[in-house]
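Before any comments, here is the structure.
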Amino acid sequence: MTPSEETMPAPPVRHWPALNLTGVDFDPVLAELMREGPLTRIELPHGEGWAWLVTRHDDVRWVTSDPRFSRAEVAGRRITRPAPHMVPQPGALNLADDPDHARLYASVAPALTAPGVERLRENARRTLDGMVDEMLRAGPPADLVERVLAPFPAAVVCELMGVPATDGRTLRAWSRLVLSAEHGAETAERAGRDMAAYFSKLIAERRDSDGEDVVSLLGAAVGRGDLTEEEATALAVPIQLGGEAVTHSTGQMFYLLLTRPALFEQLRAEPEVRPRALAELLRYIPHRSAVGLPRVATEDVVIHGVRIREGDPVYVSYVAANRDPDVFPDPDWVDFGRDPNPQLAFGNGTHSCAGALVAGLETELIVDALLDRVPTLRLAVPAAEVPWRRGALIRGPESLPVAW
């Protein structure tokens, strides 16, 4: 797929600032980088040095599937990054290469694969219906984020994890701080430590558990000696953070649908279109503010005639890959009939999102409930007045005022 002969010099290093973008506007710096070529070099606002950036769909899939690009080698390095915190630490699932990654994932797989996720459906639907009932009883206007898009994913992920529902508000507050640079690195890191301490204690209490939730599975794995306490805690925290990601992705989706009412009406009137539409919305929305975790080349690799040297850090952009015109004709157009749609919103390869099926379930239920039960849903303020989170690693509206 890629030429093996070095024919091109390394491109110049481009600075990519942390922009506080609103709505579903595509990052203008990323758009420029995509136009400059399939392989560029970037310097992000924090960390040290520069990193390669891969943006084309096929290249992103290749890098994320090739074992020569290692996540484990990232640990302990201060690679250039979009936020002052989020310095990767050893022991986490997202920093493990196979076969270690397979060993770690096996401990929680029963909760995250299709049968485990499906057991959440009915209770999740009842919980969501209750939240929509309360919103309708209170009457318009309402903040859709406060009423539904924040508490519902938090409730589902608490059930998935096996944590008391009464702790949900605290866990969400920690998640918001961990996934934001707005309050500074020290605040975000403290929230991460508090969350880790919380899960460490809970996991230790369930070493003899036979439960199906994530914490019980982790406790049992520690009890059997399959995982260390540190590994179990490092597995729990990122899964918990996934609820916050769904809040922001569904916030973007409904902002898009409510500012393009023809799309909203099509989904309301044609329920059979919704599965394809959700895939297209996931492709289209800029769900990351920049990039996720990097990889490190473990040997020299040539791609598009440019040599990536052993030890070089490499980022991929799933947001850019989802707008690759060679894969998605008219990529800046929302097309609910797009087929095929090999979107990469949940990543690719070994390190694709472990909670993708849970996120998919939550998103499906939210879209169905609001379209079917609140068919006249509309924005209660002009689109330009919708506030957006600042300093967030995952873009999303701070609130979404609606009426009906």
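The values are calculated or read from the model by the stated rules, or taken from the named source; none is laboratory data. Quick caveat: nothing in here was measured; it's all calculated off a predicted structure. Cβ atoms come from the backbone with ideal geometry, glycine included; neighbour counts cover every protein chain shown. Accessible surface areas use protein heavy atoms only, side chains included; no ligands, DNA or RNA. Shrake-Rupley method; radii C 1.70, N 1.55, O 1.52, S 1.80 Å.
Working note: 222 nm ellipticity from helices only, DSSP H runs with n ≥ 4, each -39,500 (n - 2.57), summed and divided by the residues of the chain, gives -13500 deg cm²/dmol to the nearest 500. How big is D for region 1-142, in µm² s⁻¹ as a whole number, if Stokes-Einstein is applied with the Kirkwood radius of its Cα pairs at 20 °C and 1.002 mPa s? The diffusion coefficient I find is 109 µm²/s. Among 208-215, 356-363, the peptide with the highest mean count of other Cβ atoms within 10 Å heads the list, and the full ranking is 356-363, 208-215. Computed on protein heavy atoms with a 1.4 Å probe, the accessible areas place 135, 34 in the order 34, 135, largest first. With semi-axes defined as the square roots of five times the eigenvalues of the C-alpha gyration tensor, the equivalent ellipsoid of the chain measures 32, 28, 19 Å, largest first. Taking 0.36 nm per residue of separation and subtracting the current Cα-Cα distance, fully stretching the chain between residue 125 and residue 167 would add 13.1 nm.
I need the calculated FRET efficiency for the pair residue 10 and residue 189, taking r as the beta carbon distance and R₀ as 35 Å, to the nearest 0.05.
Working: r = 33 Å, r/R0 = 0.96.
Result of the calculation: an efficiency of 0.55.
Comparing 403, 344, 152 along the charge dipole axis of region 13-403, the residue lying farthest to the positive side is 403, per the Cβ-charge model. Look at the alpha carbon pairs under 8 Å that are at least 6 residues apart: their mean separation over the length of the chain gives a relative contact order of 26 percent. Evaluating kT/(6 pi eta Rh) at 37 °C and 0.692 mPa s, with the Kirkwood radius of region 314-400 over Cα pairs in the Stokes-Einstein relation, gives 204 µm² s⁻¹.
Considering only DSSP beta bridges whose two residues both sit in the chain, what percent are antiparallel, to the nearest 5? Expressed as a percentage, antiparallel bridges in the chain total about 70.
Using a probe of 1.4 Å, the accessible surface attributed to residue 24 totals some 10 Å² when neighbouring protein chains are kept in position.
The Cα-based radius of gyration and maximum Cα-Cα distance (Dmax) for region 77-172 are 18.0, 53 Å. Summary of packing: across the peptides 7-14, 285-292, 368-375, the per-residue average of other C-beta atoms within 10 Å ranks them, highest first, as 285-292, 368-375, 7-14. Taking all protein chains together and rolling a 1.4 Å probe, residue 318 ends up with roughly 30 Å² accessible.
Only protein heavy atoms count here; on that basis, with a 1.4 Å probe, residue 15 has an accessible area of about 90 Å².
Distance between the 7 Å Cα→Cβ label points at residue 31 and residue 346: 3.0 nm. Region 212-245 and region 156-202 have Cα centres separated by 14 Å.
Only the Cβ atoms of Lys and Arg (+1) and of Asp and Glu (-1) were treated as charged; on that basis the dipole of the chain about its Cα centre amounts to roughly 640 debye. Here the Karplus relation 6.51 cos²θ - 1.76 cosθ + 1.60, evaluated at θ = phi - 60°, turns the backbone of region 131-140 into coupling constants of 5, 5, 4, 5, 5, 5, 5, 5, x, x Hz, with x for every Gly and Pro.
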